[in-house]
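**Q** Have a look at the structure that comes next, please.
Bear in mind these aren't lab numbers, they're just calculated from the coordinates by the rules spelled out. Remember, it's a predicted structure, so these values are computed and weren't measured experimentally. Cβ placement follows ideal geometry from the backbone for every residue including glycine, while neighbour counts extend to all protein chains displayed.
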Amino acid sequence: MAHSAERAGKRKGAFWCLRAVAAAALAMAVNACALPQQGEPRAGAVSGPVSKWPSEPAHGNRHMIAAAHPLAARAGREILRSGGSAVDAAIAAQMVLTLVEPQSSGIGGGGFMLHYAAESGEVSVYDGRETAPKAANPYMFLDGRGEPRAFADVAPGGISVAVPGLLRLLEMAHKEHGRLPWAKLFEPAIELAEKGFAVSPRLHKSVAGDKHLKSFAPTAAYFFTSGGKPKAAGTVLVNKPLAEALRRIAEHGADAFYHGPIAKDIVKAVNGAKRNPGGMTVDDLASYEAKKREAVCLFYRVWLACGAPPPSAGGIATLQILGILQRYDLAAMEPGSTEAVHLIAEASRLAFADRDTYIADPDFVPVPTAGMLDPGYLGLRAKEISLTESLGVAAPGMPAVGADLGPAPDGAAHGLSTTHVSVIDADGNAVSMTTSIETVFGSRLMVRGFLLNNQMTDFSFLPNKDGAPVVNRIAAGKRPLSSMAPTLVLDGQGRMVMAVGSPGGSWIIGYVAKTIVAVLDWKLNIQEAINLANFSNRNGVTELERNTPLVALKAALEKLGHEIRIEPLISGLHGIVVTGEGLTGGADPRRQGVAFGD
Ligand code: GLU
């Protein structure tokens, strides 16, 4: 068995992979190749909120990209057609997303990229998570009485802005896996910013629904008419300042953003914000570094799933859910059945109990990653689940290497922000990348045509709880806890099977786990798996997606002890699955994404 996980397992610090390899060796021996087969459709269970959603995935034989906006997916596909790598296509798509989906992600934010190199089978993670400015301190989100301020009170303005990381991440990935020149990847976005693009109905709705955009003059001038109305869907929006900023970055690299006039303007906007002025310096920007990290990987039945490590909880929590579920024969259960929803919700409670207790920036607190992904530990956690009664609120487990860690309340907000791009290129290299400016329109501060993030609010507002420091408390230079879960799934021979991820705050974890189970266990194609009704449990209420067949499970789940809430649960899943018949791509109809392949 020659695949990256085994090699990764031999590298220092990646022993959770090695243990997983040992635990799954038997399964691997019996089924070394496990490309998902599309099974018989399961009547009734495959629908999301709208039954007429297309269930056919996009097909391709050479390459494929799935992204949140057709213009972004198109730019990525053009790069793939010009011989670009998966990383090249992801960069081009991300630059277009900065322009056309400004409410969700962009160069003023950060993210995580997982990369699969077909030749070596290696999976790497590029961490472009934002960092707290040096002036940040654990008490900055408390009011005069020592109480945490409201999210909506601190998000708009300069105090919530963390040092953006996206461009350093992309630059690092491009240096290692880019094929086309960096500058070429900016051409589609520059051209669109100059010529203009049509405001999408979703962007219009987000502008119309936001209370804070008008508080900041440059932002208001861009998104509203001179009469103060949100620019209508279809309005052609030109963004000359962004075109100019992108041109500089195309020509001089990410340095053009982190030093010089753009960096100075970011600092000016943050510190001079009319509301909640912050304390960022040009040195904060100049000293930002993206980090290459070891992926967290775990065998799920005969597949190897890999995700982003801390400071994102997305990888560990998704893998814990899968690791707990593998004790159960999910394939024998119907996708929309009470049994399956109960089981996945319970596994998710257990994963969130650990997430909220142990995970934060590993450069600041010891995170027991290996212990949390130990198959033996997950086996014990699985035993806590009863098929006849919900756990209610699950307690955290005691993974090995338990340090003196305090609880980390969930700082992530659930908005319509964040975006996910999946790409597989003609050589079989893959990218799974989730990026974000945190909430919708981030801090609402606009600099040179792009929005700055409010990622500081992903830290715990409370520095201490029950007399102990919270692991996700604010500290200068620290990365806030994330839930972003870009995921890659390989088969037993280390070959690419699936790239997937989603926006959705801490709900991301459930959306991604559902899609993986739907493809691998229920044999749905990637589009059906994405369409499949969402449900979530973040160690509290069980949420079922509104207007879906799942709503009918309410009484049965209540009988098992679940407290049920019916919610919109708007994921933005974008995935690609390698099948025996080639590449298949799926995009979430809950948003406006699309998958394009050739
Ligand atoms: N800021 C969140 C995180 O990093 C993502 C927000 C969202 O998906 O809406 O987990």
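**Q** Given the pairs Lys52/Lys523; Lys229/Lys264; Lys211/Lys264; Lys211/Lys231; Lys134/Lys264; Lys175/Lys292, which span a C-alpha to C-alpha distance of over 22 angstrom in this model?
**A** Table pairs above 22 Å Cα-Cα are Lys229/Lys264; Lys211/Lys264.
**Q** Compare the peptides 353-364, 229-240, 106-117 by average per-residue count of other Cβ atoms within 10 angstrom and give them in order, highest first.
**A** Ranked from most to least packed, the peptides come out as 106-117, 353-364, 229-240.
**Q** Search the structure for amide H atoms under 5 Å from the amide H of Arg565, placed 1.01 Å from N in the peptide plane, and list their residues when 5 or more places away or on another chain.
**A** Counting only residues 5 or more places away or on other chains, the set is Thr542, Glu543, Leu544.
**Q** Rule-of-thumb check for the range 59-167: C-alpha Rg over 2.2 N^0.38 Å?
**A** 1.42
**Q** Amide H to amide H, which residues 5 or more places from Val497 or on other chains are under 5 Å from it, using H placed in the peptide plane?
**A** The list, which skips near neighbours in sequence, is Val489, Leu490, Asp491.
**Q** So if we plug the beta-carbon distance of Glu581 and Ser337 into 1/(1 + (r/R0)^6) with R0 = 30 Å, what FRET efficiency do we get, rounded to 0.05?
**A** That gives a FRET efficiency of 0.55.
**Q** Which aspartates and glutamates does Lys514 reach when only Cα atoms under 12 Å apart count, and residues fewer than 8 places away in its own chain are ignored?
**A** Glu528
**Q** Moving on to the next point. Using 7 Å Cα-to-Cβ label points, what is the Ser120/Ala476 separation (nm, one decimal)?
**A** Taking the two extended label points, one gets 3.6 nm.
**Q** Normalising by the residue count of the chain, find the relative contact order in percent from Cα pairs under 8 Å and 6+ residues apart.
**A** 26
**Q** Continuing with this model, one more query. Would you please state the base-10 log of I(q)/I(0) at q = 0.09, 0.15, 0.17 1/Å for the range 314-470, with intensities from the Debye formula using one equal scatterer on every alpha carbon?
**A** -0.40, -1.00, -1.15
**Q** Okay, moving on. Using Cα pairs closer than 8 Å and at least 6 residues apart in sequence, work out the relative contact order for the range 78-217, in percent.
**A** 33
**Q** Applying a 10 Å radius around every beta-carbon, put 73-85, 245-257, 196-208 in order of their mean neighbour count, most first.
**A** Taking the mean over residues of other Cβ atoms within 10 Å, the ranking is 73-85, 245-257, 196-208.
**Q** Order of 525-538, 120-133 by packing, highest average Cβ count within 10 Å first?
**A** 525-538, 120-133
**Q** Right, something else. May I ask you to list, by number, the DSSP H helices of the chain whose Cα span along the axis is at least 20 Å and whose average Kyte-Doolittle hydropathy reaches -1.0 or more?
**A** 15-30, 86-100, 338-358
**Q** Which value in Å is the Kirkwood Rh of the chain over different Cα pairs?
**A** Taking the inverse mean of 1/r over all distinct Cα pairs, the chain comes out at 23.6 Å.
**Q** Can you compute 3J(HN,Hα) from phi for each residue in the range 142-150, using the Karplus curve 6.51 cos²θ - 1.76 cosθ + 1.60 with θ = phi - 60°, rounded to whole Hz and x for Gly and Pro?
**A** 9, 8, x, 9, x, 8, x, 6, 6
**Q** Once label points are set 7 Å from the Cα along Cα→Cβ at both Met398 and Leu380, what is their separation, rounded to one decimal in nm?
**A** 0.7
**Q** If you don't mind, another one. Of Ser443, His63, Ala400, which is farthest along the charge dipole of the chain in the positive direction, counting Lys and Arg as +1 and Asp and Glu as -1 at C-beta?
**A** Of the options given, the answer is Ser443.
**Q** Using 1/(1 + (r/R0)^6) with R0 = 45 angstrom and r between the beta carbons of Asp153 and Lys175, what's the FRET efficiency to the nearest 0.05?
**A** 0.65
**Q** So, one more: Once you list every other residue whose beta carbon is under 10 Å from the beta carbon of Phe535, what net charge do they have if Lys and Arg are +1 and Asp and Glu are -1?
**A** With Lys, Arg at +1 and Asp, Glu at -1, the neighbours total -2.
**Q** Extension gain Val282-Leu387, at 0.36 nm per residue separation less the Cα-Cα distance, in nm?
**A** Length gained between Val282 and Leu387: 32.3 nm.
**Q** From the P(r) of the range 527-598, can you give the percent of Cα pairs sitting at distances over 16 Å?
**A** Everything past 16 Å amounts to 56 percent.
**Q** Can you compute the label reach from Val238? Point 7 Å from Cα along the Cβ direction, backbone N cut-off under 15 Å, restricted to the range 96-137.
**A** Taking a point 7 Å out along Cα→Cβ of Val238, no residue of the range 96-137 has its backbone N under 15 Å.
**Q** Rounded to the nearest 0.05, what FRET efficiency do Asp143 and Asp598 have when you use their Cβ-Cβ distance and R0 = 51 Å?
**A** 0.40
**Q** Tell me the label-point distance for the pair Lys52, Lys195, using the 7 Å Cα-to-Cβ offset, in nm and rounded to one decimal.
**A** Reported label-point gap for Lys52 and Lys195 is 3.2 nm.
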